1. Can you pull the accessible area of V354 for me, 1.4 Å probe, Å² to the nearest 10?
2. Nearest 20 debye, what's the magnitude of the dipole of segment 363-472 about its Cα centre given +1 on Lys and Arg Cβ and -1 on Asp and Glu Cβ?
3. Could you order L170, L154 so the one with the most accessible surface comes first? Probe is 1.4 Å.
4. Using Cα pairs closer than 8 Å and at least 6 residues apart in sequence, work out the relative contact order for the chain, in percent.
5. Just check segment 61-134 against the gyration tensor rule for me: Cα atoms, a ≥ b ≥ c as the square roots of the eigenvalues, rounded for a/c under 1.5, and otherwise prolate or oblate depending on whether a/b exceeds b/c.
6. Between segment 159-221 and segment 472-521, how far is it from one alpha carbon centroid to the other, in angstrom?
7. Where does the chain land at 222 nm, in deg cm²/dmol rounded to the nearest 500, when only DSSP H runs of n ≥ 4 count, each adding -39500 (n - 2.57), divided by all residues?
8. How large is the direction-averaged shadow of the alpha-carbon convex hull of the chain, in nm²?
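The values are calculated or read from the model by the stated rules, or taken from the named source; none is laboratory data. In this text, all values refer to a predicted model and were calculated from it rather than measured experimentally. Cβ sites come from the backbone with ideal geometry, for glycine too, and all protein chains shown count toward neighbours. Ligands, DNA and RNA are stripped out before the accessible areas are found, and what is left, the full protein with its side chains, is counted by its heavy atoms. Shrake-Rupley method; radii C 1.70, N 1.55, O 1.52, S 1.80 Å.
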Amino acid sequence: MSTQRITYATMAADPNLHVEFDAAIERVKGTLGKTYPMYIGGDAVTASGQFEDRSPIDTRILLGLFQQGGREHVQQAIAAARAAAPSWGSTPWQERVRLLKTLCEVIRKHQYDLSALMIYEVGKNRLECLGDVVETADLIEYYCDEFTRNNGYLKPMETLGPNEHNYSVLRPFGVFAVISPFNFPFALAGGPAGAAMVAGNTVVFKPASDTALMGVKFAEMCMEAGLPKGVFNFVTGPGRTAGQELIDNPGIDGIVFTGSMEVGMKLLKDNGGRKIPRPVIIEMGGKNPAIITSRADLEKASDGVYRSAFGAQGQKCSACSRVYVSRDVRQKFVDLLVEKTKTIKVGNPLEKDVWMGPVVNEGALRTYEDAIARARKDGGKILTGGNRITTEPFDRGYFVEPALIDGLPKDHPLFKEELFVPITVLTDVLSLDEGIELANDTEYGLTAGIFSEDEQEIETFFNRIEAGVTYANRRSGATTGAWPGINPFGGWKASGATGRGTGGPWYVQQFMREQSRVRIK
Ligand code: NAD
């Protein structure tokens, strides 16, 4: 077994890791194409219709058939979660921590097979998929450890008299809905679900339909770990019906959602109409800038930008999709960035030396082609990329070239809209001030990066940039790559609703409410 720790900042893999991957890919190949149920209250449940989950690498590969769950299935899952909630919520927190740590071990035990399946389903490369799986276990473990460090969130308070004993205790809300996006189908399902469960809530989880396979695999891990029946319930179905029921149903006591601003803001609005308030923990999109000043090390900057712009095909909420480069160093930086982008190997991500796989579906392909056409129409210059790859065998999947666009007006919509495909726009600036102003001129505020060898410039950037996750001189990723317990990850402005990052010290408390206890003895 490879001993290398894989995070999103890993630049090169230990060769043993590829031996593990080769074996895992062979193992999982034979398991593709099964029919999967939903899991409600520990029972396998089917619906009258199913939907297909196919690989973006080659759409002839059927990954699985999943249940087209409707509102009634979600209602059933909520009832199961409600039935399990009192007993799970009153289970000693040490026991919940023990069970969730078992879940981490189970995930780590299956990490290569899970990652191999994720390559098929999402099209990310080997390291990205392994990072996603390992992060899931690390997120859950971090929340467990926070519980332990905080003594289960039971805190003695001051007293006003000799016989008085006062406590603050954080207690679960009841049932949480967990709604996850396609791009980190394990970490953004397991992380939030793990936090909800260690805090004593039960969960109804619905994955994105593009990544139902990773969703059911997480449910299988929960069963293998021995979580009590009804604590984790898994439903599949369309967002607008099954997903919407999770929002509309009064049996849901809290929602944790990661996904687009469009859907996230709708959930916040729908939630606002309720009679009884409930927490909505919402993480949304980004349009993440990198600023390259005249004092930057351009080798570092160009490495950091291309890795963040095109890692996972630009389908990271933290992807570097805008670059503001000082006019003084513009030409040299652009030359380096274009040269490095051209060396990116696009291809079948099951292969070990492929760095960029396909985008996730036909919709993403259309977004890519539309954005390139808009850029061309509005006078943009495509420095590299811009085409769908249609040569065999890529014509059966959704492969595109990484694209860099220059020459658009600084207020062009492509500097503001989240595209979520491998396209990055760049322009020049006259000063750091102008770079920061333009970087902040968007509704989003997720991640941002700077490259400068000047401490004062870096300090100015940290103080003035409107983003929840910030990086200076990060060669392994200008704007991407956070890790639990190391870099809390959460957005400002329209990128997140809570101001508290995942994998950070203020996250798990959001899944609980405070009870103040006064006892006179
Ligand atoms: P999406 O918003 O289309 O879907 C997210 C989830 O919401 C899916 O499970 C979908 O089925 C569900 N959904 C859709 N409509 C719904 C409704 N009406 N009611 C309830 N659920 C509904 O996002 P996506 O395309 O899967 O993921 C990409 C987006 O996620 C990007 O915007 C990206 O920036 C964002 N993202 C953010 C973070 C973060 O931490 N801030 C991390 C990863 C991805």
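1. 10 Å²
2. Numbers: 10 positive and 22 negative charges, 160 e Å.
Value, rounded to 20: 760 debye.
3. Working: L170 35, L154 70 Å².
From most exposed to least exposed: L154, L170.
4. Details: 1209 pairs, mean separation 93.9, N = 521.
Value for the chain: 18 percent.
5. Working: a/c = 3.80, a/b = 1.30, b/c = 2.93.
Oblate, since a/c reaches 1.5 and b/c is not below a/b.
6. Taking the Cα centre of segment 472-521 as reference, the centre of segment 159-221 is 14 Å away.
7. Working: 14 runs with 191 residues, N = 521.
Computed ellipticity for the chain at 222 nm equals -12000 deg cm²/dmol.
8. Working: hull surface 101.2 nm².
If you wrap the Cα atoms of the chain in a convex hull and average its projections, you get 25.3 nm².
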